[in-house]
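The values are calculated or read from the model by the stated rules, or taken from the named source; none is laboratory data. Values in this document were obtained by computation on a predicted structure and should not be read as measured data. We place every Cβ from the backbone using ideal geometry, glycine too, and count neighbours over all the protein chains shown. Side chains are part of the model used for accessible areas, which takes the heavy atoms of the whole protein and leaves out ligands, DNA and RNA. Shrake-Rupley method; radii C 1.70, N 1.55, O 1.52, S 1.80 Å.
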Amino acid sequence: MSSFNLKVDVNQNGDVKKAADTLDDINDIDFSKLLEKPRPLNIERLRSLDERSLTELSGSPQLRNADNASSRVHDHADYVVTPSVGRRSGFNTPRSFHGFESHPMVGEAWDALRRSMVYFRGQPVGTIAAVDNSEEKLNYDQVFVRDFVPSALAFLMNGEPDIVRNFLLKTLRLQSWEKKIDRFQLGEGVMPASFKVFHDPVRNHETLIADFGESAIGRVAPVDSGFWWIILLRAYTKSTGDSSLADMPECQKGIRLILSLCLSEGFDTFPTLLCADGCCMIDRRMGVYGYPIEIQALFFMALRCALLVLKHDGEGKEMVEQIVKRLHALSYHMRNYFWLDLKQLNDIYRYKTEEYSHTAVNKFNVIPDSLPEWVFDFMPSHGGFFIGNVSPARMDFRWFALGNCIAILSSMATPEQSTAIMDLIESRWEELVGEMPLKVCYPAIESHEWRIVTGCDPKNTRWSYHNGGSWPVLLWLLTAACIKTGRPQIARRAIEVAEARLHKDNWPEYYDGKQGRYVGKQARKCQTWSIAGYLVAKMMLEDPSHVGMISLEEDKQMKPVMRRSNSWTC
Ligand code: GLC
């Protein structure tokens, strides 16, 4: 048990004391439970670069020595290539699962994943969103950056890194395009939402066409693409042990450009990233504007991954310092203000309003009447989660799968919070997993609220698509989070649920209904990330060390910043 911090020292003003109480509560709750549970698996085989603390970094002589190009956060010797992985390019089946009975669906899934591969001038560069000719294609015939992530992880885990490398390099080239929507020029660092290969039959020539939001339905901005790109670059480096790709000046510049978009100083009073609606996996109007959890968790993870792959020389050094500062502020903000458990819910329920000055407990002036009815029933006695959004007088209490899983994987969540998130998933199994893992968010919005929030979106009716639909792709994130928190049995149960239907239903994009019983109204079939997500989940359960590619250990030094800072009290 000693690896768990049972008393978090958070003692800045009254409200922060409350946060400390909240964490204490989690500790109280989990202490006995943890004893019964398997301990989290040590997915890092060596003390890795990931564990080097931010504080250690910011004050390190390495950082002060700008010319030392090798002064990186990571030590290449730390990159662990899992022993079972060998190069298998050209094979049509997965490597055999030693000591593990492979499900017949696994072979089918690999065949389907390979059918989705996209080639550019003879090289594999990605996978298309869906191989479904029965529906109107729209942009499902494109390679989406976010959709490619589980495909990329599947290929990396199977010892086939080339397609991932090609993808990273091609999308990097696309980033350098001049991006315009009508007469408005987008930021240099913006990464595309998707791209496709255009074949000119006359010239017999192939070119890439990218979409940065200028063709997307609703002209939504793909804020998550850049974050996924950085996360994938680190996964590639970690899995192959080859840092030559990340070390390329073009890659270093690409990272800096992505992060410059987010780290620039402005009017913000919060360290979280302000976004428009539809800027992530939920790429339609769904009330996820402001500070949505999915973006905050991905932002946090991308910042931490960037620290591992950025060179600490010249321009890189300056950015590393900015990243370190932002991570401290962001983890504090998220762990305290986005966290909800029974205690915190009760505190909000009793909040006073209209408090002025830094002594305010209800900092965001949340009106207790805005608490939705469902949240009182949904909140279990043991457990908690990061809520959907926090901004002035607005808390979106909805539970979002992706943000909470990434919070666990990136260690934005404390170990206690991670355990609490898994406890909640277990206690709300029917609601969140039901007959198909996993709800994209819970609960659905209906009636008047649906009209206002979605703008009467017929695709996002209650319990469908982004509005409480169930997305098989989320299985890989759930599995990774389960393994990281030492709860693989939860993942096994979810995978079993998925295996009963996924292949039979031809890998739908999403399912509808309160329990996910129905294939989604407009769901594509043969959706690539449903296929890849299943494969990644299976491979991680078979060899939990794979999770290291997509997971970061807690930075032990992040905690001290939560202690009283004298400068705040002036
Ligand atoms: C839908 C999803 C989006 C995904 C795309 C391609 O638009 O909302 O997250 O990237 O389809 O599968």
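Return yes when G241 is away from the ligand (no atom under 16 Å from the Cβ), surrounded by fewer than 18 Cβ atoms within 10 Å (Cβ to Cβ), within 24 Å of the chain's Cα centre (by Cα) and at pLDDT 95 or above and no when it is not. It would help to see each step written out before you state the result.
Working: away from the ligand (no atom under 16 Å from the Cβ): yes; surrounded by fewer than 18 Cβ atoms within 10 Å (Cβ to Cβ): yes; within 24 Å of the chain's Cα centre (by Cα): yes; at pLDDT 95 or above: yes.
Here the answer is yes, as G241 does meet what is asked.
Looking at K325, K352, which is the one that is basic (K, R), surrounded by fewer than 20 Cβ atoms within 10 Å (Cβ to Cβ) and closer than 30 Å to L310 by Cβ?
K325
Would you please name the residue that is farthest from C280 (Cα to Cα), looking only at residues in region 211-236 that are among the charged types (D, E, K, R) and either open to solvent by 30 Å² or more (accessible area, probe 1.4 Å) or outside any strand (DSSP E or B) (or both)? Working first, answer last.
If we filter region 211-236 for residues that are among the charged types (D, E, K, R), which is where we start, we get 211, 214, 219, 224, 234.
Right, trim to either open to solvent by 30 Å² or more (accessible area, probe 1.4 Å) or outside any strand (DSSP E or B) (or both) and you get 214, 219, 224, 234.
Working: E214: 15, R219: 12, D224: 5, R234: 20 Å.
The selected residue is R234.
Has region 461-474 got at least one residue that is surrounded by 22 or more Cβ atoms within 10 Å (Cβ to Cβ), touching a Pro at 6+ places or on another chain (Cβ under 9 Å) and part of a helix (DSSP H, G or I)?
yes
Filtering region 503-531 down to residues that are on the phi < 0 side of the Ramachandran plot and more than 16 Å from the ligand (Cβ to nearest atom), which residue is surrounded by the fewest Cβ atoms within 10 Å (Cβ to Cβ)?
Of the residues in region 503-531, the ones on the phi < 0 side of the Ramachandran plot are 503-505, 508-512, 514-515, 517-525, 527-531.
Filter again for more than 16 Å from the ligand (Cβ to nearest atom), leaving 503-505, 514-515, 517-518.
Numbers: H503: 18, K504: 9, D505: 17, K514: 17, Q515: 16, R517: 14, Y518: 18.
The extreme case among them is K504.
Considering each of L432, L475 in turn, give the residue that is within 16 Å of the ligand (Cβ to nearest atom) and either within 18 Å of the chain's Cα centre (by Cα) or closer than 22 Å to M105 by Cβ (or both).
Of the residues listed, the single one that is within 16 Å of the ligand (Cβ to nearest atom) and either within 18 Å of the chain's Cα centre (by Cα) or closer than 22 Å to M105 by Cβ (or both) is L475.
Which of the residues spanning region 524-570 are part of a loop (DSSP other than H, G, I, E, B) and at pLDDT below 95?
E553, E554, D555, R563, R564, S565, C570
Among the residues of region 200-210, is any within 16 Å of the ligand (Cβ to nearest atom), open to solvent by 20 Å² or more (accessible area, probe 1.4 Å), of a type outside the set (K, R) and on the phi > 0 side of the Ramachandran plot?
So far as region 200-210 goes, no, none of its residues is within 16 Å of the ligand (Cβ to nearest atom), open to solvent by 20 Å² or more (accessible area, probe 1.4 Å), of a type outside the set (K, R) and on the phi > 0 side of the Ramachandran plot.
For region 284-317, which positions are within 16 Å of the ligand (Cβ to nearest atom) and of a type in the set (A, V, I, L, M, F, W, C)?
As a first pass, look at region 284-317 and keep what is within 16 Å of the ligand (Cβ to nearest atom): 284-289, 292-295, 297-298.
M286, V288, I293, I295, A297, L298 - these are the residues of region 284-317 that are within 16 Å of the ligand (Cβ to nearest atom) and of a type in the set (A, V, I, L, M, F, W, C).
Which residue out of G213, G226 is under 29 Å from A407 (Cβ atoms), out of contact with any Ser or Thr (no Cβ under 9 Å at 6 or more places or on another chain), without any contact (Cβ under 8 Å) to a residue 40 or more places away in the chain and within 16 Å of the ligand (Cβ to nearest atom)?
Selected residue: G213, the only one of G213, G226 that is under 29 Å from A407 (Cβ atoms), out of contact with any Ser or Thr (no Cβ under 9 Å at 6 or more places or on another chain), without any contact (Cβ under 8 Å) to a residue 40 or more places away in the chain and within 16 Å of the ligand (Cβ to nearest atom).
Sort out which residues of region 247-304 are touching a Pro at 6+ places or on another chain (Cβ under 8 Å) and not in a loop (DSSP other than H, G, I, E, B), and write them in order of number.
C275
Has region 437-444 got at least one residue that is touching a Phe, Trp or Tyr at 6+ places or on another chain (Cβ under 7 Å) and away from the ligand (no atom under 16 Å from the Cβ)? It would help to see each step written out before you state the result.
Going residue by residue through region 437-444, those that are touching a Phe, Trp or Tyr at 6+ places or on another chain (Cβ under 7 Å) are 438, 440-444.
From what is left, the residues that are away from the ligand (no atom under 16 Å from the Cβ) are 442-443.
Yes: one or more hits.
Step by step: first the residues of region 127-186, then only those that are within 16 Å of the ligand (Cβ to nearest atom) and among the basic types (K, R), then the one that is farthest from P544 (Cα to Cα). Which residue is that?
Once the filter is applied, the top-ranked residue is K137.
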